[in-house]
Amino acid sequence: MDSTATSPPPPPTKKPLKNPCNLCQSVRAILKRPKTGQQLCKECFFHVFETEIHNTITDNKLFSRGNRVAIGASGGKDSTVLAYVMKLLNDRYDYGLDLVLLSIDEGITGYRDDSLETVKRNRDQYQIPLLIISYKDLYGWSMDDIVKEIGRKNNCTFCGVFRRQALDRGAIMLNVDHIVTGHNADDIAETVLMNILRGDLPRLQRCTSIITNDTSEDSSGIETSKILRSKPFKYTYEKEIVMYAYFKKLDYFSTECIYSPNAYRGHARVFLKDLEAIRRTTIVDIIHSGEALSASVQANESTKLPTMSNCTRCGYISSNELCKACLLLEGLNRGLPQLGIGQTTKIRRMHDAAALNSTLASGLSVPNPTASSGTEESPNGANKESSSRGGVVVTHIKDLERLTTMPTLNTI
Amino acid sequence: MVDSLKIELQFSGGMELLFDNQKAIVTQVPTQFPLESSASDEKPHAANIKDLIGWMATTLLKERPELFIGPDGSVRSGILVLVNGADWELEGELEYELEDGDEIVFISTLHGG
């Protein structure tokens, strides 16, 4: 009771620390790391989390001094933590990067409009300029429009294809060297698994590389080929990202997309979580197996990956004459939304045949019934296309103008 | 001997959507499980987190309990749990015995980034 009389105050009377931090030993641990099983206190966790990402960035030489880097920002947990950590590391280690936030507005009422409000708050909180570009402006169609047209069956195909290009297009407008995205280790392991199940070797390769550069054979000034993409969270576990956001009280948006049940990924995810419960290293194991498989694919001459060139219509990188986005857009604009969904080779052949027919027809310039029937369906598409070119819709990457001024914190 | 424990439940990361959009609920949880009303043949024991999860699923959840509770009676995979500010994996997970005044946080990791 009056132990205060004796000095110094004996430490044994203090209750022994429950779960001391494995690093500092002096503070109660608040997190068990999924990667190592280590238990850490809040401050040591922040330090380890940030340092590991810094090491990933420097070991893989992701950036060079003076690079302008766009952070793909959705307002969700991963990209919010990415924006916060990129800003913090850029300041702490003096990377000398010029950071910008780049958001895509897919046009999904009740989902993306709310999450973009979060991105705008992040812009102000982290003092990073923000550019938002919309599907509606780029393609003439919002996701709400697309779902009205095609229903909820294949809408994720449109969204995924359009998003990848939209990010690149935004990056060109911002004149950036590099786009970073918030894909984390769990996401990558899921994607590896899905690509293995589908036998999609090109995607397997792309999803496991920490940094990618869509180099085309025709390097004649098509600008997408210069922009690098990387995933600084490749080795960062989702649990730690969420815990980091929670303990740092970061402001992020968390609602599931109203159009996306994403059942396939959901199963892959549950399967991985079940495996992880038995074997702690499952996530890294699967990423490793993805890397090993793509290395052996590369080594094996007989399984050549498709050669890349540029889309004849928009100039975007593509392994076909028409890129997937142009094919999907053509379908939408012609009222044939199934064009480009699923097995596309047949559709592409039809497209090529139609194009050939019309060339022949115009070359011969002889009015004959066969030629007119061959071009019968094109007036619709052609009209849409020419009218959209006059407006805000950008169909050619080459036509895309750079922003004359960078977005500032107060605009948009 | 109190017959219920005062527990503060908190929800984030989208978890709150399952609980009427409430970020926090202060509630009274029975001290002993299984409840007399249940037909369980479990031995009577002091309330632990597993009991809490089952109890929440039946008393607090209005719809879609499968988004919260898994077939094994734990939370669905992808939901993080904190007990008084610390990862429940450090506190015995499902076996952690509830104490009066505990604060339990549920965070969903399932929503897009």
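The values are calculated or read from the model by the stated rules, or taken from the named source; none is laboratory data. Fair warning: this is a prediction, and the values are worked out from it, not measured in the lab. Note that we place each Cβ from the backbone using ideal geometry, even for glycine, and neighbour counts take in every protein chain shown. Ligands, DNA and RNA are stripped out before the accessible areas are found, and what is left, the full protein with its side chains, is counted by its heavy atoms. Shrake-Rupley method; radii C 1.70, N 1.55, O 1.52, S 1.80 Å.
Need one word for the range B:4-108: rounded, prolate or oblate. Basis is the Cα gyration tensor (sqrt eigenvalues a ≥ b ≥ c); a/c below 1.5 gives rounded, then a/b vs b/c decides.
rounded
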Query raised in the report: At q = 0.12, 0.23, 0.29 Å⁻¹, what is the log10 ratio I(q)/I(0) for the range B:1-62, with the Debye formula run over Cα points and no solvent?
Result: -0.33, -0.99, -1.32
Query raised in the report: For the range A:92-146, which trypsin sites (Lys or Arg not before Pro) are in a loop by DSSP, counting at most 11 other Cβ atoms within 10 Å?
Result: none
Requested in this report: Ratio to report: Rg/Rh of the range A:29-165, with Cα atoms as the point set and Rh obtained by the Kirkwood method; give two decimals.
Outcome: 1.06
Query - Rounded accessible area of A:E117 (nearest 10 Å², 1.4 Å probe) - result: 90 Å²
**Report entry** At most 13 other Cβ within 10 Å, DSSP loop - GluC sites (Glu not before Pro), the range B:19-69
**Finding:** B:E36, B:E42, B:E63
**Report entry** Protein heavy-atom accessible area occluded, A/B pair - total, 1.4 Å probe, Å²
**Finding:** 2100 Å²
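For chain B, what is the accessible area per residue in Å², given a 1.4 Å probe and the full set of protein chains?
Details: 5610 Å² over 113 residues.
Accessible area per residue, chain B: 50 Å².
Which entries of A:K61/A:K239; A:K248/B:K23; A:K249/A:K273; A:K136/A:K324; A:K42/A:K248; A:K42/A:K120 have Cα-Cα distances beyond 19 Å here? If you can, show how the numbers build up before the last one.
On the way: A:K61/A:K239 26 Å; A:K248/B:K23 17 Å; A:K249/A:K273 26 Å; A:K136/A:K324 17 Å; A:K42/A:K248 10 Å; A:K42/A:K120 28 Å.
Beyond 19 Å between Cα atoms: A:K61/A:K239; A:K249/A:K273; A:K42/A:K120.
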Report summary line: Working note, the range A:45-299: Cα radius of gyration (Å, one decimal) and Dmax (Å, whole number) are 18.0, 51
Query raised in the report: Tell me, what is the 1.4 Å probe accessible area of A:T281, in Å² to the nearest 10?
Result: 50 Å²
Query raised in the report: Using a 1.4 Å probe on protein heavy atoms, which residues of the range A:25-64 have at least 50 Å² less accessible area in the complex than alone?
Result: A:R28, A:K32
Report summary line: Residues from the range B:53-96 losing no less than 40 square angstrom of accessible surface in the full protein assembly compared with the chain alone, 1.4 angstrom probe, ligands and nucleic acids excluded, are B:S77, B:L80, B:L82, B:D87, B:E89, B:L90, B:E91
Query - List of the range A:73-91 residues, accessible area with partners at least 30 Å² below that of the chain alone (1.4 Å probe) - result: A:K77
Query raised in the report: When ligands, DNA and RNA are left out and all protein chains stay put, how many square angstrom of accessible area per residue does the range A:74-150 have with a 1.4 Å probe?
Result: 33 Å²
Report summary line: Given a 1.4 Å probe, the accessible area of the range A:224-299 per residue, as a whole number of Å², is 48 Å²
Report summary line: For chain B, the longest principal axis of the Cα atoms and the Cα long axis of helix B:49-59 enclose an angle in degrees, to the nearest 10, of 80 degrees
Query raised in the report: Taking a 1.4 Å probe, which of A:L88, A:L272, A:L23 shows the most accessible area, and what order do the others take after it?
Result: A:L23, A:L88, A:L272
